[in-house]
Amino acid sequence: MTEKFVVTGMTCAACAAHVEKAAGAVDGVNSAAVNLMLGTLVCSYDRDKASPQAIIAAVEAAGYGAAPADDAKRDIRREQDAAAKAMGRRLLWSAVCLVPLFYLSMGHMLGLPVPAFMHRQPLLAAAVQLALCLPILLLNRAYFTVGFSRLFKGSPNMDSLVALGAAAGLTYSLIEMGLLCAGQLAGMPDLYFESAGMILTLVTVGKYLEERSKGKTTGAITALLALAPETAVVRRNGTEVTVAADQIRAGETVIIRQGGRIPVDGTVTKGSGAVDESALTGESMPVEKTPGSSAVSATVLTSGYLELTADRVGADTTLSQIVQLMEQAASSKAPISRLADKISAVFVPVVISIAVLAAVLWATVGGMGIRFCLSIGIAVLVISCPCALGLATPVAITVATGKAAERGILIKSAASLELLGRVDTVVLDKTGTVTAGTPQVTDVLCVPGVTEEELLCAAASLEKPSGHPLADAIVQEAARRSIPLCAVSDFNAVPGGGVQAVLDGKTLYAGNDRYMTLIGAGTAALRAAAEALAAAGKTPLYFAEEQQLLGVVAVADVVKPDSAAAIAALRAKNITCLAAALYRSQPLSAAASSCPGGICVVIGSEGRGLSAQLLAQCDGQIIIPMQPGAESLNAAVAAAVVMWEIARTGM
């Protein structure tokens, strides 16, 4: 059995390792994995030998808090935002106290003017430094409480190193200050108040950057979770009732109306409509759903009405599985981070041993006194405090991921970031990466006697009430050309066909060739041109007034203006570029014309749906059959995926 727990009190990778070790030591636990970023522990255990209570007890015995994830209702993003703000306040006030402390104690070494009492009144100078250091110690007392607690339990972590180094400098300074008060010292003694404050403040910088990095990473997970509706309408005992989405049971009938989000994975049993699946597939074109079609959670019904049977609910839905994959990616470590963790595991005992050895050698070999030898040992502890170890990794990761995010690039794991420097092949998703990701009008074809302005006015006026992405593209094109729209009445959408409405007493129609034939409007005049547009990967829409064809407006997801330059920049670094698209949404013939290629990889049921003629357009091809039952994604995705190499001469 597998169960998730929420763990509190973890501050670093060493904490995560201790929690995993404590949970894994429980009899009957087969595996234990901690996600430090999300503060969770996932255990797989034998129900006959172990229990959630035993696992929680083991974690608590190790010095951490734990509770079943189902009992701990959490808003992860809110928790992380609050933690980042609290850490930011700690850092701000620590810096406010550190700057004058550092200036007074170290300014003379930099040739800066310092108050005269720093040289003439040693006791006052020491008291001022202590007064400035105390707020930093109080603000960052968590390092001492957590660090020494872990140290005494035999499981030191990064906080233990910080606490040890800061405490050593503080203790020595207090001893020197006491001797100064007792009159046993003359002149200004060596004090380390600024070292203790600097250690705590620098490590807090790293902690703050880590908290911000967590918020950015889990923000993507939060955005995904937001795709799922909180409530849904189901039919129970013949009555429609609204229930929480997590209370839907497998086999129930779920009712989706226009504009609603689909809460579960299921099969359409009644109704029809267009579903926007771009959140999961990236494809901007809606997919028509009819009885027997599969529907996926987190997609949007843009038009129509659907009733579907819930096949997979809760954690089994496609959206939940994607979130789980992202959580696993978020908890991954870069190889360099794993090396730092290994160093941290032995760093404390090694540093303590070196400090003791240095003091002993100066006493036995150098013949120095106790105070000098003690200062040597404390200097080793202070200098060895792992500010760089705790700061360098989060700074590097935060800067890299931040710069990538500014350019719309999401780094899913630390390992991916580290390996990015050795990439030699890039696979670019077509929709939204190479292309704009939203439909745009590309061609306007009119019958004789009709101008483009007249056609777009009629088309946009008719499509404006639709809300369909293709309709929105036409409305936006009319707005771009400053073409005024007219009010229509009696608007009606025909699922799978088109739309119609009345304008100035005449009925306007929009739809595909089949719908035009159904209403009696001839399309022969523009059929050849429309078929050529379709072969180029565009969607031709016919428009007619009464039974007279007005023209064709073609809509497509166009290539971004800067895509060619971006691909050229990658090629300049000797990186091979591949583009990927769903075959059903982007015909291979269109791919060959817009992105002429060399290598084609087809994934599907023995290439089903791809003719030999289309496959022959690629210089090389690899067909990978899908195993029965392995098509867990939606049918359009599993049918076929085509990749072609983008020509080195351009787009």
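Quick notes
- Difference of contour (0.36 nm per residue) and Cα-Cα distance, Leu518 to Ala127: 131.4 nm
- Per-residue extension of 0.36 nm, minus the Cα-Cα distance of Glu60 and Phe152, leaves a gain of 31.6 nm for this segment.
- Label-point separation in nm, Leu138 to Asp504, each point 7 Å along Cα→Cβ: 8.0
- Other residues with beta-carbon under 12 Å from the beta-carbon of Glu230 carry, at +1 per Lys or Arg and -1 per Asp or Glu, a net charge of 0.
- Residues whose amide H lies under 5 Å from that of Thr269, counting only those 5 or more places away or on a different chain, are Gly292, Glu307, Leu308, Thr309; hydrogens are built 1.01 Å from N in the peptide plane.
- Accessible area (Å², per residue) of the stretch 32-184, counting only protein heavy atoms and a probe of 1.4 Å: 50
- Taken along the Cα-to-beta-carbon direction at a fixed 7 Å, the label points for Thr145 and Ala572 span 5.4 nm.
- Subset of Lys85/Lys560; Lys4/Lys403; Lys538/Lys573; Lys21/Lys403; Lys85/Lys403; Lys289/Lys403 violating a 29 Å alpha-carbon distance limit: Lys85/Lys560; Lys4/Lys403; Lys538/Lys573; Lys21/Lys403; Lys289/Lys403
- Label-point gap, in nm, between Thr8 and Thr309 - each point 7 angstrom along Cα→Cβ: 4.5
- Cut-off 18 Å, label 7 Å out along Cα→Cβ of Ser482, residues of the stretch 539-558 by amide N: none
- Calculated FRET value between Asp81 and Val423, using beta carbons and R₀ = 35 Å, to 0.05: 0.60
- Around the amide H of Leu428, modelled in the peptide plane, lie the amide H atoms of Leu578, Ala579, Ala580, all under 5 Å away and 5 or more residues distant in sequence or on another chain.
- For Ser482, solvent-accessible area (1.4 Å; no DNA, RNA or ligand), Å²: 100
- Of the whole protein surface, Phe102 contributes about 80 Å² of accessible area at a 1.4 Å probe radius.
- Counting only heavy atoms of the protein chains and using a 1.4 Å probe, Val356 has close to 80 Å² of accessible surface.
- Compared with the alpha-carbon gap, the fully stretched path from Leu174 to Glu531 is longer by 119.8 nm at 0.36 nm per residue.
- Other-chain or far-sequence residues with amide H under 5 Å of Leu550's (modelled H): Phe543, Ala544, Glu545
The values are calculated or read from the model by the stated rules, or taken from the named source; none is laboratory data. Bear in mind that the values here come from a model prediction, so they are computed numbers and not experimental data. Virtual Cβ from ideal backbone geometry, glycine too; neighbours counted across all protein chains shown. Just so you know, the surface numbers come from the protein's heavy atoms only, side chains and all, with ligands and any DNA or RNA stripped out. Shrake-Rupley method; radii C 1.70, N 1.55, O 1.52, S 1.80 Å.
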